[in-house]
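First comes the structure, then the notes that go with it.
The values are calculated or read from the model by the stated rules, or taken from the named source; none is laboratory data. If you're wondering where the values come from, they're calculated on a predicted model, not measured in any experiment. Remember, those area values only see protein heavy atoms, side chains included, never the ligands or the DNA or RNA. Shrake-Rupley method; radii C 1.70, N 1.55, O 1.52, S 1.80 Å.
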Amino acid sequence: CEVYNCTAPGTGGGLTLLSGPSGIDNHLVKDNLIRNNRADHYGGALFTKMPVIFEGNAVETNHSRWQYGGVSFVETVKCSVLRNRFSGNYSEDYNSAARNPGGLFIKSSAVTNVKNNIFYNNTGYVAGAAQFITCTPTVVNVINNTFADNNTLAAGGATVRTETDTDFVNNIFEGDLAGIRIVGTPAPVVNITCNNFHDHSDRITINPNHS
């Protein structure tokens, strides 16, 4: 289906998934065009607190007034982000407290897989494409993705910012931003294996004490 030109006064400009029937392990959001939606708070395209498979969607030019311009997964049991294209998503309010990414935000998800996606020309404050926070007890798996020409407005920003244990495997990073920024106290365990870094994206910054 197509979800476009919608506005929400709270969360999820295009779609919001907050509760559902018990006993369902995963909800499927697949093969949709989610374009030019806006939320006042979180997730211009989608906001969910439910276990979800988000697959094969085109997420384009969505934005939020406060934080997390594209898709936000918060306090989910598990989420899989597979074969999507995130392009031109952004957050309107750029401030250091929000730390908002333009494309994808995942927080407190017990099982997290981000595989075979394209992130292009998304803009946030310190994370252009994606940000991961406190996803325990397992690691965030970031595998076979392409990150190209994403942007931040803050100095020291990066394409992907992680504050939780993360495995980066076989991804492509292109553009003028540092590819990965690792932050948090204590410092998360991050494995970076067989990735390709082009242009200035070969910078990987580690600053455990940065807020």
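Take the alpha carbon atoms of the stretch 97-211, find their radius of gyration, then divide it by 2.2 N^0.38 Å using N residues; give the quotient. Don't jump to the answer; show the numbers that get you there.
Values: Rg = 12.3 Å, N = 115, 2.2 N^0.38 = 13.4 Å.
Rounded to two decimals, the normalised Rg is 0.92.
At a threshold of 8 angstrom on Cα-Cα distance, excluding pairs fewer than six apart, so keeping six or more, what relative contact order does the chain reach in percent?
On the way: 782 pairs, mean separation 26.3, N = 211.
This gives 12 percent for the chain.
Send over a whole-number figure in Å² for the accessible area per residue of the chain, probe 1.4 Å.
Values: 8800 Å² over 211 residues.
Ligands and nucleic acids excluded, the figure is 42 Å² per residue.
Under the rule of at least 5 residues apart or a separate chain, name every residue whose amide H is placed under 5 Å from the amide H of residue 27.
Here the answer is 52, 53, since their amide H atoms fall under 5 Å of that of residue 27.
How much of the accessible area of the chain, in percent, comes from carbon and sulfur atoms when a 1.4 Å probe is used? Could you put the intermediate results ahead of the total?
Details: 4380 of 8800 Å².
Of the solvent-accessible surface of the chain, carbon and sulfur hold 50 percent.
Given axes a ≥ b ≥ c from the Cα gyration tensor, I'd like to know whether the stretch 139-187 is rounded (a/c under 1.5), prolate (a/b larger than b/c) or oblate. Could the numbers behind the result be given before it?
Details: a/c = 3.01, a/b = 1.10, b/c = 2.73.
In terms of gyration-tensor shape, oblate.
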